[in-house]
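Shown next, in structure tokens, is the structure this report addresses.
A short reminder: the numbers here are calculations on the coordinates, not readings from a lab. None of the values given here were measured: they were computed from a predicted structure. So basically every Cβ, Gly included, is an ideal-geometry build from the backbone, and we count neighbours across all protein chains shown.
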Amino acid sequence: MSDGSATGAPAFPDHPALEQIVGIGTDLLQESRIQDALGRHGERFVRRILTPQEQQIYLQRRQSVNFIAKQYAAKEALAKALGTGIAKGVGFQQLEILRDGSGAPQVKLHGAAADLLRNLGGQHAFVSLSDDGGLIQAFAVLV
């Protein structure tokens, strides 16, 4: 990977794990779909999508539809990056997205999802989230 300079020096010279991308995934979601699912399934939907720690954040944010929609989109993007989608042992509970002190998403993979990342030769998972006009966009990279 080059930083685009004339020398062709690696973009991440101190981070060799970041030299190889092993998976990319994206998801685009209308927030209203999550609102509808919450209306139909209520807390059962929340428990299916969010890990216990994510559920605590959801409650702290006064059950924000935007929060759960971002979590859903991020998990879909991660599952696509792993090459499985939400299938083959990878479920919403194995994909956890927490936030650091500045609010940036921090990914934790559990169970089959963590095993798949290792089998792909990866060590880290990253997610970027954006929302505008009722749309949620998630982009996941595995390195």
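Multiply the residue separation of residue 87 and residue 32 by 0.36 nm, subtract the distance between their alpha-carbon atoms, and state the gained length in nm to one decimal.
Result for the pair: 17.4 nm of gain on full extension.
Tally Lys and Arg at +1 and Asp and Glu at -1 over the other residues with C-beta under 12 Å from the C-beta of residue 136: what net charge comes out?
Combined, the nearby Lys, Arg, Asp and Glu give -2.
What does the charge dipole of the chain about its Cα centre add up to, to the nearest 20 debye, if the Cβ of each Lys and Arg holds +1 and the Cβ of each Asp and Glu holds -1?
That gives a dipole near 620 debye.
Fully extended, how many nm does the chain gain between residue 131 and residue 100 (0.36 nm per residue separation, minus their Cα-Cα distance)?
Length gained between residue 131 and residue 100: 9.3 nm.
To one decimal place, what orientation-averaged projected area in nm² is obtained for the convex hull of the Cα set of the chain?
Answer in nm², one decimal: 9.7.
Ordered by packing density, taken as the mean number of other Cβ atoms within 10 Å over each peptide's residues, highest first, how do 52-63, 104-115 rank?
The most tightly packed comes first, giving 104-115, 52-63.
Once you keep just the Cα pairs under 8 angstrom separated by 6 or more residues, what percentage relative contact order results for segment 20-142?
It rounds to 36 percent for segment 20-142.
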